[in-house]
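The structure appears below as structure tokens.
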Amino acid sequence: MSEPNFVKTCLSLKINNSIFFTLFITNKIAYGSMRTICIYHSETGHTHAVMEELAKSVGAELIRVKDRSGYGKATMYLIGAPKAHMGALADIDPDTIDVAGYDLIIIGTPVWAFRPTPAANSIMKAIQNSTGKKVIIVCTSGGSPGETLPIMSERAAALGMDVISRHHISFTMRGVRDEEEITALKRAVWDLARS
Ligand SMILES: Cc1cc2nc3c(=O)[nH]c(=O)nc-3n(C[C@H](O)[C@H](O)[C@H](O)COP(=O)(O)O)c2cc1C
């Protein structure tokens, strides 16, 4: 590389790094005062991966709720999906989640039979002290979320929560997710922190 080109490259790297660093620090400062918790069910790991990444980027806490039914590959469809379709509840661990200490709650569910999972239905019952809290609803699916987001949003609103936004992240059969949808979700959370 010629000397002027080398200098140009170094300068551009320095500028890019400074911009990145400034944005990173600004986001961290903006986010510092926003106590956030992600509460979600994830049976096969997609929703968990999304929530974990989101939590890392904003410094949120995570609660992954377990369905005590202990589904296998077949029983998820044979028992879990019909239960989800009926809006049934599940026996979950933990069964009480106090959100009094948080400003923003992010609730996540997989889509089963076009609806939230039974464990996600139970999350909405398990949450305590949620009145007036900001909430972002997230679902992951194979591409057909059906009624999941409206159902979760209505339940959150019925608990007196302030529904800020709702997001659907689709995964292919091979587990490849839609990056644009993930970016939109992260942006919504950052925008909230800065507002
Ligand atoms: C029992 C069952 C029912 C499902 N029903 C739907 C559905 O109605 N629509 C859809 O798009 N994907 C459906 N899926 C795919 C899941 O929603 C998708 O893989 C999701 O990301 C799984 O989240 P998880 O890995 O966090 O459990 C279903 C998966 C299972 C296991």
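Here is the list for region 42-149: trypsin sites (Lys or Arg not before Pro) lying in DSSP coil, each with at most 15 other C-beta atoms within 10 angstrom of its C-beta, are R68. With the simple model of a label 7 Å out from the Cα in the direction of the Cβ, D98 to T183 spans 4.1 nm. Principal axis extents of the Cα atoms in region 33-194, from largest to smallest and rounded to whole angstrom, are 44, 32, 23. For I127, the residues whose amide H sits under 5 Å from its own are I97, ignoring neighbours fewer than 5 places away on the same chain, with H placed 1.01 Å from N. Around the amide H of C38, modelled in the peptide plane, lie the amide H atoms of E61, L62, I63, I106, all under 5 Å away and 5 or more residues distant in sequence or on another chain. Let me test this: with uniform point scatterers at the alpha carbons of region 82-133, what is the Debye-based log₁₀ I(q)/I(0) at q = 0.26 1/Å? Values, matching the q order: -0.97. Along its first, second and third principal axes, ordered by size, region 127-171 spans 32, 16, 14 Å in Cα coordinates. Convex hull volume of the Cα atoms of region 98-195, normalised per residue: 92 Å³.
Taking 0.36 nm per residue of separation and subtracting the current Cα-Cα distance, fully stretching the chain between E53 and S144 would add 30.5 nm.
Here the extension length gained between F114 and R194 equals 25.4 nm, from 0.36 nm per residue of separation less the Cα-Cα distance.
Computed 3J(HN,Hα) for region 60-65, one whole-Hz value per residue from the Karplus formula 6.51 cos²θ - 1.76 cosθ + 1.60 where θ = phi - 60°, is 8, 8, 10, 10, 9, 7, glycine and proline marked x.
Since every read-out is calculated from the coordinates, none of them should be taken as a lab result. This structure is a prediction, so every number in the text was calculated from the model and none was measured. Here Cβ is always computed from backbone atoms with ideal geometry, including for glycine, and neighbour counts include all displayed protein chains.
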